[in-house]
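The structure appears right after this line, and notes come after that.
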Amino acid sequence: MTFFPPDPDLPEPEEADSERQPWWQAPDDELPVLLPVSETLASTEHLALGLFGVAVYSDGVEFRLEGRLRRKGLPAREWNDLCADFVGHSPLGGPVHPAGRLRFGLVLGDGEKVLAEGFPFFGGDDPSAEQEGHTLSRNSGGAGGGPQGYSSTDRLWLWPLPPEGPIEFVMQWPALGVEERRVVLDGSAMRALASRVQRFWS
């Protein structure tokens, strides 16, 4: 006989399958087809940002980005401020000033302008609400590093598939000295690849 009584049987929690909101993120049950893209979006004394590929899914495309930050002799205070701008948070934990943040947008082949805004800036739309037109969602993979350098990953999800024609990919990062930069991508090629996407499960 033990001092403590046995724990009561607990019912298994009922977990409902969460339904994917297609305008919010890429499908997790598909193997995308990669469109080879390699573009330097920014290169300064301390920052490098590149677009290194586009993953095409059945109902949208994901732009994949990598960022690098190097100290290169900056004093500690300047380096800490630069790192705060790079990761998007001040040393006290709050967001950096919105005007200097990293921003992304697209001009699609039919002239539609799509911005990766929304939460946490300016409120944004309810992510569960039905969306009209194309949407561009930024899903950051985070950033990390040490005393001499940082790296980051970002994913931009465009839903639905773009129309035929060129896509202007637009970015700026004023806090890190990067003015507006544009590169032109092939929306028609993205649409053509969508038919080759494979499903993991039927």
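The values are calculated or read from the model by the stated rules, or taken from the named source; none is laboratory data. All of these numbers come straight from a predicted model, not from anything done at the bench. Note: ideal-geometry Cβ built from the backbone for every residue, glycine included; neighbour counts use all protein chains shown. Side chains are part of the model used for accessible areas, which takes the heavy atoms of the whole protein and leaves out ligands, DNA and RNA. Shrake-Rupley method; radii C 1.70, N 1.55, O 1.52, S 1.80 Å.
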Self-check item: Tally of residues being open to solvent by 100 Å² or more (accessible area, probe 1.4 Å) and modelled with pLDDT under 90 across the range 9-57
Solution: 10
Quiz prompt | Count of residues meeting criterion [more than 17 Å from the chain's Cα centre (by Cα) and either among the hydrophobic types (A, V, I, L, M, F, W, C) or farther than 24 Å from PRO98 by Cβ (or both)] in the range 170-182 | solution = 3
Quiz item: Which one is nearest to GLY67 (Cα to Cα) among residues in the range 145-161 that are over 16 Å from the mean Cα position of the chain (by Cα) and assigned to a strand (DSSP E or B)?
Solution: TYR150
Quiz item: Taking the range 144-202 as the region of interest, how many residues are buried (at least 17 other Cβ atoms within 10 Å of the Cβ) and touching a strand residue (DSSP E or B) at 6+ places or on another chain (Cβ under 6 Å)?
Solution: 19
Quiz item: If only one of LEU115, LEU102, LEU108 is of a type in the set (A, V, I, L, M), open to solvent by 30 Å² or more (accessible area, probe 1.4 Å) and either modelled with pLDDT of 90 or more or at negative phi (or both), which one is it?
Solution: LEU115
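From GLY187, GLY177, which residue is more than 23 Å from LEU74 (Cβ to Cβ) and out of contact with any Phe, Trp or Tyr (no Cβ under 8 Å at 6 or more places or on another chain)? Show your work before the answer.
On the way: GLY177 fails: more than 23 Å from LEU74 (Cβ to Cβ).
The match here is GLY187.
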